[in-house]
Amino acid sequence: MKKIFLIISDDFVQQTVMSVSEASQINSVYIISNDTTQDLNWKEQCGKIKGTSDTVENIVHILKHDIYLAEGDLSPLTTISSTSITDLNELD
């Protein structure tokens, strides 16, 4: 499944925060805002809000870090059939 990292301005937070909470594809939300007092309220409303800043450069910095962490969470998965291996110790 693909992960979406969404960047929005504070003008659109109220309209999108509930939709974002329910959308499983959206991993994280970043808000460009000058209102630092409102930032905490947004984070309480939606756990997917990972960062707020008044500059695009700061958001990009936070986003790059979070993408790096998300890529590290992508663990490969191997499926084997019960007939292909007789001893589970052989998996090591």
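The values are calculated or read from the model by the stated rules, or taken from the named source; none is laboratory data. Please read these numbers as outputs of a predicted model, since none were measured by experiment. Note: ideal-geometry Cβ built from the backbone for every residue, glycine included; neighbour counts use all protein chains shown.
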*Write out, first by first residue and then by second, each pair whose Cβ atoms fall under 6 Å of each other, whose residues are 6+ apart or on separate chains, and whose first residue, in the range 45-57, is more than 14 Å from residue 26 (Cβ to Cβ) while the second is at pLDDT 85 or above and part of a loop (DSSP other than H, G, I, E, B).*
52/33
*Tell me, which residue of the range 21-37 that is out of contact with any Asp or Glu (no Cβ under 7 Å at 6 or more places or on another chain) and at pLDDT below 80 is nearest to residue 68 (Cα to Cα)?*
21
*Could you count how many residues in the range 7-36 are under 15 Å from residue 47 (Cα atoms) and crowded, with 17+ Cβ neighbours inside 10 Å?*
9
*Taking into account only those residues within the range 59-85 that are out of contact with any strand residue (DSSP E or B) (no Cβ under 8 Å at 6 or more places or on another chain) and at pLDDT 85 or above, which is nearest to residue 32 (Cα to Cα)?*
60
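Matching residues to (1) over 19 Å from residue 59 (Cβ atoms); (2) part of a strand (DSSP E or B); (3) β-branched (Val, Ile, Thr):
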{"residue": "2", "(1), (2), (3)": "yes, no, no"}
{"residue": "7", "(1), (2), (3)": "no, yes, yes"}
{"residue": "16", "(1), (2), (3)": "no, no, yes"}
{"residue": "20", "(1), (2), (3)": "no, no, yes"}
{"residue": "29", "(1), (2), (3)": "no, yes, yes"}
{"residue": "34", "(1), (2), (3)": "no, no, no"}
{"residue": "42", "(1), (2), (3)": "no, no, no"}
*Selection from the range 45-58 of residues that are loosely packed, with under 12 Cβ neighbours inside 10 Å and either over 29 Å from residue 33 (Cα atoms) or at pLDDT below 85 (or both)*: 47
